[in-house]
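These notes concern the structure reproduced below.
FYI, it's all coordinate maths here, none of it is from the lab. Every value quoted in this text rests on a predicted model; they were computed, and no experiment measured them. Backbone-built Cβ (ideal geometry, glycine too); neighbour counts: all protein chains shown.
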Amino acid sequence: MSRPFVTLVATFALLGLAACASGNVRPASAGSAAGATSARATSDGTASFTILHFNDVYEITPVEGGRAGGLARVATLRRQLADSIGPVLTTLGGDFVSPSALGTAIVDGTRLAGKQMIAVLNAVGLDWTTLGNHEFDIPEAAFRARLAESRFRYVASNVRDSAGRAFPGIVPHVIIPLPANGRTIRVGLVGVVLPANPQPWVRYDDPLASLQSHAAMIRDSVDVLVALTHLAIGQDQQVAETIPSIDLILGGHEHENYLLQRGPRFTPIIKGDANVRTVAVVRVSVGGRGARPHIASTLVRIDESLSADSAVDAEVGRWIERGFAGYRSQGFAPESVVATLRTSLDGRENVVRTRAGSLSDAIVAAMRREASDAEVAIFNGGSIRIDDVIPAGPISQYDVIRILPFGGITVRADMSGRLLRRVLSVGRDNVGSGGFLHASGAAIDADGVVTVAGAPIEDDRQYRVVTTDFPPERQREGARIPDPHQPRAPRGARVARHQAVVDRRVAPYVGPAGGPCASAAAGTTSRGPRRIGGAG
């Protein structure tokens, strides 16, 4: 079994205990598809079309125990819209090839690295996407391969390769002719991504300047101008305020939905919930030349009320089987149960990036146990990518990978109290971002007072700290932990965070028999591939 699966069967040994906290999913503000997509032909020359938009989708399967999401269900909605009201343009606001649990599986000698997502999105019938910052998590060769495999198109105006050339298949803007009501609507798309993931093979231009420039190039040639963005919500609002020629902003990056109107022309800004818990259905009506389009939108829940498209569902099944076979060849048992929870665990992004919870507590405690002499353990909430509520019941090895798909190594370092205080202060200030820190053995209160093992921290004392080898290329969103100069990693202290959870037995972490949380002996097999899992 490969070591890079580390501090997580120990974490889920911990999960038997850490599961004693509920995680109820906050329902999205959403309506029904029918309520917002009824189309009417008019006698004044107005023509209409529909956009189906989603963003930040990391799993090809449903999430929340199968109750929410699922790209096969999105395909059903897309077909229903097209059958009932005519032209549908399907768009994606970036972040789809990484991070994904299934994407870490090695198939035919290489990691899937989003290959499964491209195949499923092809089957769904996606038309256009922009890039997200996580598209650059994978190596350049894999990125270029994913572009070549895509039957949908890419629009991104502020990204080029290191030589300044456009990546194959990516255009900065496009004009799409859509037939509707006896005329052709000219839809302009301009795409941008925030420069949050620097790589030596990628060159970013300023996203707002790029939007401004390319919007000006095509504004007079289109009936409706759409910005397809992967920006923070504040940046999207800035776009609406400073580029009023844009009629509609379809976004991504945040994992929660937004329906806003901002700027001098009340430009709509629309984002859905991650992993297609909700999608946006946008009805665009275009009148005479020069008239501002009328835009109506709603969020539609993707849940069990929508049947799965059979062709897309079959494609999903093929990739699940291939990925699980790849895991088995690596020495994992993806369906093997490592713990059983009596209650759910909340791994949603808006929880793990803002406060401590049962899931983060379990992980940081497992890290601390991995380096037995460590006094403090710290890790950033952005490492947890599942963005899902783990339901009560069995947790499998595959679920463990879903939680920390980035993997990584746990490192024990000596850190002065002064530096540790600074690290914890930065981590607290990063609330809401991936740099928000979780700690075991140390705490910082609202006034900035730091304690270690309940005692005031001593600035000149050296503390034994276990943390992650967060690589420099991921030191974004304020997630960087200051370098403790010469981190000391004694024998046995460097361990992959996934592996410990799988390798360690559950029983030592679970507490008294008959307690509120139960464990299952590691190695128990769950029934069949859990295609109802999800990751964020």
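Compute the separation of the alpha-carbon centres of the range 324-338 and the range 124-191 and state it in Å as a whole number.
Cα centroid of the range 324-338 versus Cα centroid of the range 124-191: 35 Å apart.
Computed FRET efficiency, Cβ-Cβ of Arg111 and Glu140, R0 22 Å: what is it to the nearest 0.05?
For Arg111 and Glu140, the calculated efficiency is 0.95.
Could you work out how far apart the two model spin labels at Asp445 and Ser221 are, taking each label as a point 7 Å from the Cα in the direction of the beta carbon, and quote it in nm?
Each label point is offset 7 Å from its Cα along the Cβ direction, giving 6.4 nm.
Sorted from largest down, what three extents in whole angstroms do the Cα atoms of the range 136-264 have along their principal axes?
On the principal axes, the range 136-264 reaches 43, 34, 27 Å in Cα extent.
How far is it, in nm, from the label point at Glu149 to the one at Arg67 when both lie 7 Å from their Cα along the line to the Cβ?
About 3.2 nm, to one decimal.
Through the Karplus equation 6.51 cos²θ - 1.76 cosθ + 1.60, θ set to phi - 60°, convert the phi angles of the range 232-249 into ³J(HN,Hα) values in whole Hz; use x for Gly and Pro.
5, 4, x, 5, 4, 5, 5, 4, 4, 7, 10, 10, x, 5, 7, 8, 7, 10
May I ask you to compute the full-extension gain from Ala325 to Arg292, defined as 0.36 nm times their residue separation minus their alpha-carbon distance, rounded to one decimal in nm?
Extra length from Ala325 to Arg292 when fully extended: 6.6 nm.
Skipping prolines and chain starts, which residues have an amide H placed within reach, meaning under 5 Å, of the one on Gly93, given they are 5 or more residues away or on another chain?
Phe54, Asn55, Asp56
Compute the length gained on full extension between Arg318 and Trp201: take 0.36 nm times their separation in residues and subtract their Cα-Cα distance, giving the result in nm to one decimal.
Computed gain between Arg318 and Trp201 is 38.9 nm.
Measure off 7 Å from each Cα along the Cα-to-Cβ vector at Phe266 and Asp161, then give the distance between these two points in nanometres to one decimal.
4.6 nm
Residue by residue, what Karplus-based ³J(HN,Hα) values in Hz, rounded to whole numbers, does the range 89-98 have, using 6.51, -1.76 and 1.60 with θ = phi - 60° and x for Gly and Pro?
With coefficients 6.51, -1.76 and 1.60, one gets 9, 9, 10, 9, x, x, 6, 8, 8, 7 Hz.
Between Ala455 and Arg342, how high is the FRET efficiency from 1/(1 + (r/R0)^6) when r is the Cβ-Cβ distance and R₀ = 51 Å? Nearest 0.05.
Calculated transfer efficiency: 0.90.
Hey, what do the phi angles of the range 155-170 turn into as Karplus ³J(HN,Hα) couplings, whole Hz, using 6.51/-1.76/1.60 and θ = phi - 60°, x for Gly and Pro?
With coefficients 6.51, -1.76 and 1.60, one gets 10, 7, 8, 10, 10, 9, 7, 5, 8, x, 8, 5, 5, x, x, 9 Hz.
Does the range 31-301 come out rounded, prolate or oblate, given a ≥ b ≥ c as the square roots of the eigenvalues of its C-alpha gyration tensor, rounded meaning a/c under 1.5 and, failing that, prolate meaning a/b above b/c?
oblate
So how do 438-445, 56-63, 188-195 stack up, highest first, on mean other-Cβ count within 10 Å?
Packing order, densest peptide first, comes out as 56-63, 188-195, 438-445.
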